[in-house]
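See below for the structure under consideration.
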Amino acid sequence: MPAVTDLALAVDYFSTAFGPYMGVMIGYTAFIYCYIRKSFPLIALTISENHAAINAIVRQRNTIHGWADVLQYGQVKREIEQYDPMAKPLSDCKGKVEFRSVRFSYDKKTNTLEDLNFDVEPGATIAVVGLSGQGKSSLLKLLTRIYNPSSGNIYIDDIEIQSITLESLRQNICIVPQTVNMFDGSIMSNIKYARESGSDEEAMDACKAAGIHDDIMKNSKGYGTIVGKKGIKLSGGQEQRIGIARAFFKNAKILLMDEPTSALDLVTENIIRDSLKTAKVTKFIVTLTMARDATRILVLQDGKFVESGTHDELVKKQGMYNSLWSAHTASQSST
Ligand SMILES: Nc1ncnc2c1ncn2[C@@H]1O[C@H](COP(=O)(O)OP(=O)(O)OP(=O)(O)O)[C@@H](O)[C@H]1O
């Protein structure tokens, strides 16, 4: 029942921003608008992947600027929704991914990504690394069709992704974003909204794999503990692990992790690394800390791949990856 979830999320979020009466009105209006446009994922995606923008609106409470942000974001979504009317759902996704001559520009003037070519076999792990602002997150946004490439094509299982319905594409991809969105509700509902048909046991297994189960059980109400505005405040690291648990629980064939361990201690990071090694899904990981486990590391500089290989190969090469890795290990040993 994704439509019900979208409606509940819409009402909940708009109520937080605009008060209960306006929130219900705006939430319902937005829901009906999305229904008409056959785009249920719009609200859910806006909320889940653009948590920072929505939270900024919540913090500003009721300002007209907040609305402008929502509408502007909706504009981006509308552009993307102009996909092939003949688009079909992706059935039995294997998780093979291909980028062919992909170029992308946010402003149609400067290229953020240039001529990207690579293949990923099902179940492989790709680490995308580079300095800040080189285009790592942008690459992931193209795969989820938050944006379309300016030119070139992206394929999943040899099917061009613009020929796949947006809903189906996103059902087969799960994302651990840099900032994890928690909504008011129990920990269990925060995990299970990723896949409503999943069981409580599966949710708990996902939490064990993400190293958050023991923390949850320390609360007297366990998985029934309410988080968010009406309940306990989770630490950044706990939120991040809930985000990872959600992704494991969704059990999609392609997993995208955008700096998933930035707020985690070494022990928890190792639990997650072990879980990822056994997960039989295609993984894109944007973080240096986990790059050494990757089947292949792609080093991005100024929107282009400048190096590609395994950790050992790239360390031997003494190039950009080696510099990043040396700086990373030096910073780890000094903390
Ligand atoms: N929505 C946007 N509109 C315009 N430019 C953007 C947008 N998002 C990112 N950029 C620009 O695109 C470039 C690549 O950004 P991106 O976030 O992909 O880099 P990154 O390698 O993931 O960086 P970081 O490690 O800091 O997250 C940057 O110059 C950034 O300023």
Quick check: anything in the stretch 105-128 in a loop (DSSP other than H, G, I, E, B), within 11 Å of the ligand (Cβ to nearest atom), under 16 Å from residue 258 (Cβ atoms) and open to solvent by less than 10 Å² (accessible area, probe 1.4 Å)? no
Since residue 309 meets every condition but one in (1) on the phi < 0 side of the Ramachandran plot; (2) more than 16 Å from the ligand (Cβ to nearest atom), which condition does it not meet? (1)
Where residue 232 falls short, out of the listed (1) over 25 Å from residue 130 (Cα atoms); (2) modelled with pLDDT of 85 or more: (2)
Quick one: how many residues across the stretch 312-335 are more than 16 Å from the ligand (Cβ to nearest atom) and open to solvent by 60 Å² or more (accessible area, probe 1.4 Å)? 9
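Going through the stretch 129-150 one residue at a time, which ones are on the phi > 0 side of the Ramachandran plot and within 9 Å of the ligand (Cβ to nearest atom)?
Narrowing the stretch 129-150 to residues on the phi > 0 side of the Ramachandran plot: 130, 133, 135, 145.
Once the filter is applied, which keeps residues that are on the phi > 0 side of the Ramachandran plot and within 9 Å of the ligand (Cβ to nearest atom), the stretch 129-150 yields 130, 133, 135.
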Of the numbered conditions (1) near the ligand (Cβ under 9 Å from one of its atoms); (2) touching a Gly at 6+ places or on another chain (Cβ under 7 Å), residue 101 satisfies every one except a single condition; which is it? (1)
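Yes/no per residue for (1) at pLDDT 90 or above; (2) in contact with a Phe, Trp or Tyr (Cβ under 7 Å, 6 or more places away or on another chain):
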| position | (1), (2) |
| --- | --- |
| 103 | yes, no |
| 108 | no, no |
| 124 | yes, no |
| 131 | yes, no |
| 144 | no, no |
| 150 | yes, yes |
| 163 | yes, no |
| 181 | no, no |
| 186 | yes, yes |
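The values are calculated or read from the model by the stated rules, or taken from the named source; none is laboratory data. Source: prediction; values computed, not measured. Counting neighbours? That spans all protein chains shown, and the Cβs are built from the backbone with ideal geometry, glycine included. Just so you know, the surface numbers come from the protein's heavy atoms only, side chains and all, with ligands and any DNA or RNA stripped out. Shrake-Rupley method; radii C 1.70, N 1.55, O 1.52, S 1.80 Å.
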